[in-house]
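To start, the structure itself, in structure tokens.
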Amino acid sequence: MAETAETLLTVENITLRFGGVKALTDVSFDIRKGEIRAIIGPNGAGKSSMLNCINGFYHPQEGRITYKGQTRKQMRPYEAASQGIARTFQNIALFRGMSVLDNVMTGRVLKMNSSLFEQAFFFGRARSEEIAHRAKAEEVIDFLEINAIRKTPVGRLPYGLQKRVELARALAAEPDLLLLDEPMAGMNVEEKEDMSRFILNVNAEFGTTIALIEHDMGVVMDLSDRVVVLNYGEKLADGTPDEVRSDQAVIDAYLGASH
Amino acid sequence: MLYREAGDFKTSYAKDQALIPIRQDRVMLYICIAIALALPFVANDYFLGSIAIPVLIMVIAAIGLNLLLGFCGQISLGSGAFMAAGAYMAYKCATAFPWIPMPVSIILAGIATALIGLAFGLPAVRIKGFYLAVATLAAQFFLLWLFTHVPWFVNYTMSGVPTPPPATVLGVYVTGADAPNWAKYLFVLAFCAGLTWIAYNLVRSRIGRTWMAIRDMDIAAELIGIRPLWTKLTAFAISSFYCGIAGALWSFCFINTVEPTAFDINRSFQILFMVIIGGLGSILGSYFGAIFITLFPILLNSAPAWFGLEIPGNIITNLEFMIFGAMIVFFLIAEPNGLARLWQLGKEKLRLWPFPH
């Protein structure tokens with residue numbers, strides 16, 4: 001899938017500091033259109049910080065981010081979302097008081113443009129949009145096989161399903177770039193298999209580019225086209241799963257160094 | 001309930017998204033509307049003027065605060081002041097432009113209050129929770145101070161508490177001393193019904209979802225592309241719009257004076273209690289809360305007489321406060337999600353009845 005060499009996103013020399021703590025130091029890599037790109041590294045390596053820089057939640061002090069050909073010093077959350085970057089969170093960040101369906105519909109919020117007046121009286125675009133976007137939301141719900149729980153409040157769902165609903169909410173935005181922050185953390189083997197299947201299907205069917213943080217090496221090696229390894233905020237290695245797996249620095253730092 | 005959803009299948013998203021998807025619920029609504037419309041013919045003047053009208057007006061205010069607190073998660077202790085703003089704005093509008101029909105004046109007052117609410121909602125962009133509550137207290141004190149100390153707001157009336165001008169709708173007086181209670185009741189009912197419908201529309205549309213997203217997880221909402229600033233400010237504006245209309249109606253159709261004491265901090269707390277006891281994030285709950293908080297003191301007041309007990313008035317008043325306070329505390333411990341949650345639980349139980357599962 002990564003054969004189209006077109007680059008979707010490039011981060012160059014990103015440095016992010018929180019006071020005296022350097023979360024990221026001079027990190028550069030690129031994400032090609034249509035690929036599944038894994039970001040791995042030990043705890044505290046700066047993986048989530050990297051995602052937060054990409055979608056504009058953190059603002060790196062140095063470096064540049066080029067997305068869809070536009071170079072910026074930093075992204076802004078609204079800008080990132082409206083340009084097609086969606087994400088899920090390491091600790092589930094669903095809207096707990098809302099139903100599954102409402103969560104998914106909220107993912108489409110940027111695609112709705114009815115005015116306040118139309119919404120207040122529920123006529124015109126407000127009415128037609130609700131129906132059209134409901135159909136789109138149902139497609140995603142169907143795709144992720146969460147039909148049976150669509151009207152359940154999210155807070156009542158088990159952990160594995162919540163993770164899936166979060167993916168649904170991100171997918172509902174029809175993103176070009178999907179950032180998944182540990183989509184399989186805390187799942188059992190079957191749930192991991194399901195989630196892996198969904199990720200591969202999203203990539204294959206919608207052509208969505210995916211950047212993925214994951215700790216399960218088996219999953220990373222199986223799913224991803226290319227892997228970037230971070231350690232203490234610095235880039236350690238970058239390449240195909242096989243290259244990364246045989247890289248001595250990576251082995252020492254992370255994969256199989258004996259302690 | 002005496003019915004079940006089974007068999008009521010939907011064949012289109014439009015039908016599934018209808019405001020009231022279950023047919024029997026719709027019938028219930030029609031019955032409620034019919035009762036509300038028939039009330040002037042059967043109820044006595046005291047009931048209409050002293051119970052029905054204030055309850056309906058407080059429902060509007062409670063829905064307003066519920067949109068802000070229950071749906072958008074932004075606390076406000078300034079609802080009373082926003083009601084005052086609505087009352088004074090409606091008074092200014094009705095006296096400065098007497099040719100504007102009264103309903104339009106009241107809506108204009110609501111819009112003016114929305115703008116005031118927008119200004120006082122600005123702190124919400126930076127602060128949350130208790131700090132925001134304290135910031136909105138500023139609105140409460142500042143606005144009331146403004147209305148008492150700037151004579152322009154009362155058209156330089158000597159007493160400082162002017163009477164709203166009488167006005168007619170379809171040839172019948174709805175405001176002023178001559179207005180019959182049934183006309184005032186229907187006038188208030190129309191506002192209450194319309195604003196309830198609008199509130200339901202708002203919370204099921206995009207804007208309602210963005211409010212709830214900000215309430216539940218503001219960081220995730222922002223990364224989805226929801227602008228927190230805009231979302232919180234619309235919630236403040238629309239909430240103030242509701243409070244403003246409630247305040248205008250309170251002055252024009254209930255107490256028949258425009259005075260600041262009707263809208264002091266106690267009023268703000270009263271509305272807050274209505275929302276909390278009725279149920280945060282439930283529009284039906286606002287009805288329950290407003291009815292409960294308004295009627296319960298009246299009930300406590302008249303209950304001893306029913307049992308033939310002769311208790312002096314001052315003791316009754318104090319007992320009323322004590323029992324009322326105890327009820328609120330008990331209630332918040334027993335069911336923090338309010339009367340709306342109790343209603344929902346009851347419905348769920350009755351669906352299965354007589355089986356336990």
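For this structure, a couple of remarks:
- In this rough spin-label picture, where each label sits 7 Å from Cα along the Cβ direction, the B:Leu19-A:Glu139 distance is 3.1 nm.
- Residues with amide H under 5 Å from that of A:Phe89, placed H, sequence gap 5 or more: A:Asp181
- At most 15 other Cβ within 10 Å, DSSP loop - chymotrypsin sites (Phe, Trp or Tyr not before Pro), segment B:55-141: B:Trp99
- Convex hull projection area averaged over all views, chain A, Cα basis, nm²: 15.2
- A Förster radius of 30 Å combined with the Cβ-Cβ distance from B:Phe47 to B:Asn266 puts the calculated FRET efficiency at roughly 0.80.
- Of all the options A:Arg169, A:Arg245, A:Arg125, the one that moves most in a Gaussian network model of chain A with Cα springs shorter than 10 angstrom is A:Arg125.
- A:Arg17 long-range amide H proximity, modeled H, under 5 Å: A:Ala23, A:Gln61
- Of B:Leu143, B:Leu332, B:Leu132, the residue with the greatest mean-square motion in the GNM of chain B, using alpha carbon springs below 10 Å, is B:Leu332.
- Shape category assigned to chain B from the gyration tensor of Cα positions, a/c cut at 1.5: rounded
- Positive minus negative residues near A:Thr208 (Lys, Arg vs Asp, Glu; Cβ under 11 Å): -3
- Percentage of interatomic Cα-Cα distances in the protein assembly as shown larger than 46 Å: 29
- Per-residue 3J(HN,Hα) values for segment B:189-203, derived from phi via the Karplus relation 6.51 cos²θ - 1.76 cosθ + 1.60 with θ = phi - 60°, read 4, 4, 4, 4, 5, x, 6, 5, 4, 5, 4, 4, 4, 5, 6 Hz in sequence order (x marks Gly and Pro).
- Counting every pair of alpha carbons in segment A:94-174, the share spaced more than 23 Å apart comes to 22 percent.
- Residues of chain B were split at every exposed loop site, defined as GluC sites (Glu not before Pro) in a DSSP loop with at most 14 other C-beta atoms within 10 angstrom, and the longest piece left, sites excluded, is B:6-309.
- Across segment B:37-114, Cα-Cα pairs farther apart than 20 Å form 48% of the total.
- Counting neighbouring Cβ atoms within 10 Å and putting the fewest first, the residues A:Val100, A:Val21, A:Val109, B:Val27 line up as A:Val21, B:Val27, A:Val109, A:Val100.
- Positive contributions from Lys and Arg (+1) and negative ones from Asp and Glu (-1), summed over other residues with Cβ under 15 Å from the Cβ of B:Ser79, come out at 0.
- Put simply, the amide H of B:Tyr173, placed in the peptide plane, has no neighbours under 5 Å, leaving out anything fewer than 5 places away on its chain.
- The chymotrypsin sites (Phe, Trp or Tyr not before Pro) of segment B:301-357 that DSSP puts in a loop, and whose beta carbon has at most 15 other beta carbons within 10 Å, are B:Phe307.
FYI, it's all coordinate maths here, none of it is from the lab. All figures in this text were calculated on a predicted structure; none of them were measured in a lab. Note that we place each Cβ from the backbone using ideal geometry, even for glycine, and neighbour counts take in every protein chain shown.
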